[in-house]
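These notes are about the structure you will find just below.
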Amino acid sequence: MSFREFKEQVKKSVEIAIGEADYPLIDFEPFEPPRPEFGDLSVNVAFIIANKLGLNPLEVAEAIGDKLRIPEDSLIADFEVHEPGYINFKVRYPDLAYRSILDAISKEDYGSLNMGKGKKVCVEHTSVNPNKALHIGHVRNLVLGDSIYRVLKFTGHDVQILNYIDDSGSQIADIVVGFKYAGFPLEPPEGKKFDHYCGDHVYVKVNELYAEKPELIMKQKEVLKAIEEGNSDIADFAKELTKRILKEQLKTCWRIGAYYDCLNFESHIIETKIWDKLFNIMKDKGIVQFVKEGELSGCWVIKMEGEDEEKVLKRSDGTLTYIAKDIPYAAWKIGLIEDPFQYDIFIKQPNGKDLWSSVSGKGKDEHPSFGNSDLAITVIDVRQSRLQKIISYILSLLGGKSEKKYLHLGYEVVSLSKRTADELGIMIEKKEFIHMSGRKGIYMNADDVLDALHKKAYEETKKRNPNESEEWHHNIAEKIAISALRFDLIKQDLDKMIVFDLSESLNLEGETGPYVQYAHARASSIIQKAGIIPTITLDGASLLNDPTELELVKMISKFDLYVEETVKNLSPKILARYAYQLATDFNVFYEKKPVLQEKDETKREARMALVHAFRNVVKTAFSLLGIETPDRI
RNA sequence: GGGCCCGUGGCCUAGUAUGGAUUAGGGCGUCAGCCUGCGGAGCUGAAGGUCGUGGGUUCAAAUCCCGCCGGGCCCGCCA
């Protein structure tokens, strides 16, 4: 926490000096200068003031510098006015090192913040149609949503994780047709997961068959209608099918480290008839209009302010469109409507947490409270941006500051590289990548990627730890595989499409999750060999004066600032990059400064404490990204 | 046609919100080094850049504004 204090002290001292120099108060943030010789924090207030008043920046900086007083007991060691007008501050290193190392080795929750106290947030992520296995694109969604959940929780938010299950769409009808009318056996081939079987074989093949056998399309329509109406053998069969697939999908999610609080089934949203209630309110408020003539005659539509096009919510035959079904769910998330759902426990998760779900008919009398959040974060890829915008718009018209409570967290899609597509037998013409499509069979299953990573990591751990058991190797290999995958999908900007290439992702060196895990394992090894719990003293801290030590100390002391940034921007990549930089700083220190071999006892213990502090921080940072850090890999 | 996003060395990417400091950070790949030192999934060094492009604003632009070019997505009484 110490770097934050230093930053606050710099800010306050400068503010006071600006006042004493009779300059106008301005808004500014101290920032980290680009080069170490410029100090640890800088302010550029002189430029802003000079610009405003038409003065010379350097003169302004000097005038402020003249008035600057460093408070007693502060973390500011010194400052310097530097051309063309910066004021650079140096931190008191021994104090910074002492305090941050002490905190990092003694506080369980080092880096956590209280910024979300009393704030109820729900995060919806994953939400994969229950007719196929998760592919690599779905994992980007899951990893993003799960990391956000973890960071929000770490910063004191009251978070619940939702997973929306569209169990009544045409994709479900497709596989029902496959089993009932196209002759696919209900049991998968030996060794094949049921969700893989349904996605890889049934779903793709049925969609191919539609071209050859038009009668199957008629069957699909019948099935779809039966599912919507319920109370039939077909509807029951569909329900069982989706449940079975969903349970297999959840195994993959758990494997990656994501757990949920509640599943919301689309069929239950329809059953509760909350649409009707909401629709009446929308009619009363004039949010929706009935179209009397023209192409959309007989439809209820919504028109966005400032746009020409209308969006149909209720079709002329009285059925609801895709987006209409999403509105009550969104309204429920932010507490605009009373909770209409019944709940029961769906399954007990491997982490011991109950997974609840909405149910048809009567549920359990007692259950946790779901929905009704201060903030609802919906994680969906950017292709849904327009629809999400319309939903936000409708919510805002319904009132209650809804526009601030509903947030679409969009991210670009994952596509397959030409090379990986080739390896999967998918033909690509000209382009370097191809967009995934479950229907067309163009995708790479998450489990297959993990299995490939697992195999690679397994071979590596075998070489490095020949005396360990098979079980140990598989256990560690799995953690490395998850690390590689999660880090790979979270480290870059949400606005950038990821072109997934399996061969590239199998490289576990460089800017990767395993690199960070490796640094952690090195630190663990030192601590284990030391055989003591190191402590830090101010004397010891003052001996940590090598540049590699200073860098590592500073990075450790800034952990909470990065946590805060991550939450403010809802951007886990900030934490991923922090963890990587931290690991790099450690590795550089490790190569240069011996710890256990150090002769000077005080110095040795100080370094051990630094190693310990690093280990704790990197472990916490990675845990926020859902990645485990074993002591040996 | 309208809207949203991306464009940084051979490839991938950070920095763009809040414009600044004669070396624009990383990673992969390439080349050259480093274990009789706590784990070489590591470290050090080298080569490689008109920050798509043309204007503009500014003392100062990868960053802000406008145009253009290239790429992706969205614009259904599908989901």
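The values are calculated or read from the model by the stated rules, or taken from the named source; none is laboratory data. In this text, all values refer to a predicted model and were calculated from it rather than measured experimentally. All Cβ positions, even for glycine, are placed from backbone atoms using ideal geometry, and neighbour counts span all protein chains on display. Remember, those area values only see protein heavy atoms, side chains included, never the ligands or the DNA or RNA. Shrake-Rupley method; radii C 1.70, N 1.55, O 1.52, S 1.80 Å.
In table form, for the structure just shown:
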read-out	value
Identity of the residue in region A:57-83, in contact with a Phe, Trp or Tyr (Cβ under 8 Å, 6 or more places away or on another chain) and free of Cβ contacts under 8 Å to residues at least 40 places away in the same chain, that ends up most open to solvent (accessible area, probe 1.4 Å)	A:ASP78
Residue count for region A:204-217, restricted to those that are farther than 14 Å from A:ILE175 by Cα and either polar (S, T, N, Q) or in a helix (DSSP H, G or I) (or both)	4
Answer residue from region A:309-319, given it is open to solvent by less than 100 Å² (accessible area, probe 1.4 Å) and modelled with pLDDT under 90 and is farthest from RNA strand B (Cβ to nearest atom) among those	A:GLY318
Matching option when the condition is within 13 Å of RNA strand B (Cβ to nearest atom), β-branched (Val, Ile, Thr) and touching a residue at least 12 places away in the same chain (Cβ under 8 Å), among A:ILE377, A:ILE391	A:ILE391
Any hit, region A:320-343, residues being more than 24 Å from A:SER267 (Cβ to Cβ), near RNA strand B (Cβ under 10 Å from one of its atoms) and touching an Asp or Glu at 6+ places or on another chain (Cβ under 8 Å)	no
Selection from region A:273-287 of residues that are surrounded by fewer than 13 Cβ atoms within 10 Å (Cβ to Cβ) and not in a helix (DSSP H, G or I)	A:LYS273, A:LYS285, A:GLY286
Residue within region A:486-503 that is within 12 Å of RNA strand B (Cβ to nearest atom), under 30 Å from A:PRO594 (Cα atoms) and touching a Lys or Arg at 6+ places or on another chain (Cβ under 9 Å) present	no
Number of the exception - A:GLY257 against (1) at pLDDT 90 or above; (2) within 13 Å of RNA strand B (Cβ to nearest atom)	(2)
From the options A:TYR110, A:TYR164, A:TYR98, residue that is in a helix (DSSP H, G or I) and hydroxyl-bearing (Ser, Thr, Tyr)	A:TYR98
Any hit, region A:507-530, residues being over 27 Å from A:ILE482 (Cβ atoms), open to solvent by 10 Å² or more (accessible area, probe 1.4 Å) and in contact with a helix residue (DSSP H, G or I) (Cβ under 9 Å, 6 or more places away or on another chain)	yes
Lone unmet requirement of (1) within 16 Å of RNA strand B (Cβ to nearest atom); (2) among the polar types (S, T, N, Q); (3) closer than 17 Å to A:LYS243 by Cβ for A:GLN349	(1)
Residue list for region A:290-308, restricted to those being in a strand (DSSP E or B) and open to solvent by 80 Å² or more (accessible area, probe 1.4 Å)	A:PHE290, A:LYS303
Positions within region A:159-175 being acidic (Asp, Glu), more than 7 Å from RNA strand B (Cβ to nearest atom) and out of contact with any strand residue (DSSP E or B) (no Cβ under 6 Å at 6 or more places or on another chain), in sequence order	A:ASP174
Counted residues, region A:510-555 - those being more than 11 Å from RNA strand B (Cβ to nearest atom) and under 28 Å from A:ILE256 (Cβ atoms)	1
From the options A:ILE337, A:ILE327, residue that is open to solvent by less than 40 Å² (accessible area, probe 1.4 Å), assigned to a loop (DSSP other than H, G, I, E, B), among the β-branched types (Val, Ile, Thr) and under 30 Å from A:PHE290 (Cα atoms)	A:ILE337
Conditions (1) touching a Lys or Arg at 6+ places or on another chain (Cβ under 6 Å); (2) open to solvent by less than 40 Å² (accessible area, probe 1.4 Å); (3) at pLDDT 95 or above; number of the one not met by A:ILE380	(1)
Qualifying residue in region A:118-138 (condition: open to solvent by 70 Å² or more (accessible area, probe 1.4 Å) and of a type outside the set (Gly, Ala, Ser))	yes
Which numbered condition A:LYS364 fails, given (1) charged (D, E, K, R); (2) touching a residue at least 40 places away in the same chain (Cβ under 8 Å); (3) in contact with a strand residue (DSSP E or B) (Cβ under 9 Å, 6 or more places away or on another chain)	(2)
Residue count, region A:568-579 (criterion: more than 9 Å from RNA strand B (Cβ to nearest atom) and either open to solvent by 20 Å² or more (accessible area, probe 1.4 Å) or closer than 20 Å to A:PHE6 by Cα (or both))	2
Tally of residues being assigned to a helix (DSSP H, G or I) and either more than 21 Å from A:ASN141 (Cβ to Cβ) or open to solvent by 20 Å² or more (accessible area, probe 1.4 Å) (or both) across region A:434-475	20
Residue in region A:177-198 that is within 16 Å of RNA strand B (Cβ to nearest atom), open to solvent by 20 Å² or more (accessible area, probe 1.4 Å), closer than 17 Å to A:LYS132 by Cβ and outside any strand (DSSP E or B) present	no
Extreme residue, modelled with the lowest pLDDT, among residues of region A:418-433 that are of a type outside the set (D, E, K, R) and surrounded by fewer than 21 Cβ atoms within 10 Å (Cβ to Cβ)	A:ILE428
A:VAL10, sole failed condition from (1) outside any loop (DSSP other than H, G, I, E, B); (2) more than 35 Å from the chain's Cα centre (by Cα); (3) among the β-branched types (Val, Ile, Thr)	(2)
Output for region A:587-633, where each listed residue is open to solvent by less than 20 Å² (accessible area, probe 1.4 Å), in a helix (DSSP H, G or I), within 8 Å of RNA strand B (Cβ to nearest atom) and among the β-branched types (Val, Ile, Thr)	A:VAL611
Which numbered condition A:SER437 fails, given (1) of a type in the set (Ser, Thr, Tyr); (2) touching a residue at least 12 places away in the same chain (Cβ under 8 Å); (3) closer than 25 Å to A:THR252 by Cα	(2)
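Residues checked against (1) at pLDDT below 85; (2) within 13 Å of RNA strand B (Cβ to nearest atom); (3) in a loop (DSSP other than H, G, I, E, B):
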site: A:GLY19; (1), (2), (3): no, no, no
site: A:PRO24; (1), (2), (3): no, no, yes
site: A:ALA46; (1), (2), (3): no, yes, no
site: A:LEU55; (1), (2), (3): yes, yes, yes
